[in-house]
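The values are calculated or read from the model by the stated rules, or taken from the named source; none is laboratory data. Since the structure is predicted, the reported quantities are computational estimates derived from the model, not experimental observations. Here the Cβ positions follow ideal geometry from the backbone for every residue, glycine too, while neighbour counts run over all protein chains shown. Keep in mind that these areas ignore ligands, DNA and RNA; they rest on the heavy atoms of the full protein, side chains included. Shrake-Rupley method; radii C 1.70, N 1.55, O 1.52, S 1.80 Å.
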Amino acid sequence: MDDASFRTLLRSGRTSRGWTLDRLGRLVGAVGTTVGRWERGEYLPPREVAVSLDRELGYGSQLMRAWQIEKTGSPLPPWAHDIALLEERARLIELISPHLVPGLLQCTEYMRLMMGRNLIPAADIARLVDARSRRLEALIANGLASVTAVFPAFAVDRLPTDVRREQAARLLELTDAGHVDVHLIMDEDTPIGLMGPLMMFHLREGGAISASEHNRGVIVHDEASDIGRLHHQIKAALGRSLPAAASRRFLEEVR
């Protein structure tokens, strides 16, 4: 049923509940004849109606995914290809980084150090640091419930002393506030087994979208198989990491 069309899912969901066309129509503000036309594939309902149909039929975003594919050729709406918008619509973000502290959790001196290594002009570094340093707090104020982050311990303890202390303090502050769970990986030879960072955004409206970072930029994955594969990698990384309490003790030691 994962690859079923919108009209097939719509009819199956309605008939499995024993609902008439008129009853389903009343639930979403349409007449029965219009629901019948949707089921025959004559045209698609507006997005907001498709969202209501998905909710009333208990599809958990599967019907909405089918609608999106038929409407645009992609299961993701246009905004979902923008990482900043994904962050803003997420209730939970999972971040797996093979080499660095994830960007949302970096302290200001860590940001300056990493950007300086990339030969970014000083004026641009100041501007970017100022914009990024308040990003996590803004997302939390906007409804982000929590961030789970997995990254190697050496991303903190091999920093210059002043940066290491500030970064460790920043991570401890975030975990104490209750919005961030940090899980450190201690195997520094093969920290996570990934080429680049992975991100999983669990959206407030339901469903999840994954992304991965490569040399050519961040790629948002819109195939269910890719999302499932990346989610498995995230869970595997979590399984190899220290529990949050042990990670916290490590950060206290290096602060």
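Key figures for this structure:
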quantity	calculated
For Met199, net neighbour charge (Lys/Arg +1, Asp/Glu -1) across residues whose Cβ lies under 12 Å away	-3
Virtual spin-label span in nm between Ser16 and Glu42, 7 Å along Cα→Cβ	2.6
Sites Leu100 and Glu205 - FRET efficiency at Förster radius 35 Å, r taken between beta-carbons, to 0.05	0.70
GNM flexibility winner over the chain from Leu100, Leu172, Leu119 (Cα, springs under 10 Å)	Leu119
Karplus (6.51, -1.76, 1.60) ³J(HN,Hα), θ = phi - 60°, over the range 196-210, in Hz, Gly and Pro reported as x	x, x, 10, 9, 10, 10, 8, 7, 5, 7, x, x, 9, 10, 10
Stretch gain in nm, segment Ser146-Val218, where the contour uses 0.36 nm per residue and the Cα spacing is subtracted	23.7 nm
For the chain, built as a Gaussian network whose Cα springs stay under 10 Å, the top-fluctuating residue of His214, His179, His202	His214
Leu85 versus Ala236: modelled label distance in nm, points set 7 Å from Cα along the beta carbon direction	3.2
Residue-by-residue Karplus 3J(HN,Hα) for the range 52-67, coefficients 6.51, -1.76, 1.60, Hz, glycine and proline x	5, 4, 4, 5, 5, 8, x, 7, x, 5, 5, 5, 5, 4, 4, 4
GNM top mover of Glu137, Glu42, Glu213 - the chain, alpha-carbon springs below 10 Å	Glu42
Angle between the chain longest axis and helix 224-240 axis [Cα atoms, degrees, rounded to 10]	30
Per residue accessible area in Å² of the range 5-64, where ligands, DNA and RNA are left out and the probe is 1.4 Å	52
Apportionment of accessible area to carbon and sulfur, the chain, percent (1.4 Å)	51
Potential lengthening between Leu27 and Phe154 on full extension [0.36 nm per residue; Cα-Cα distance subtracted]	40.2 nm
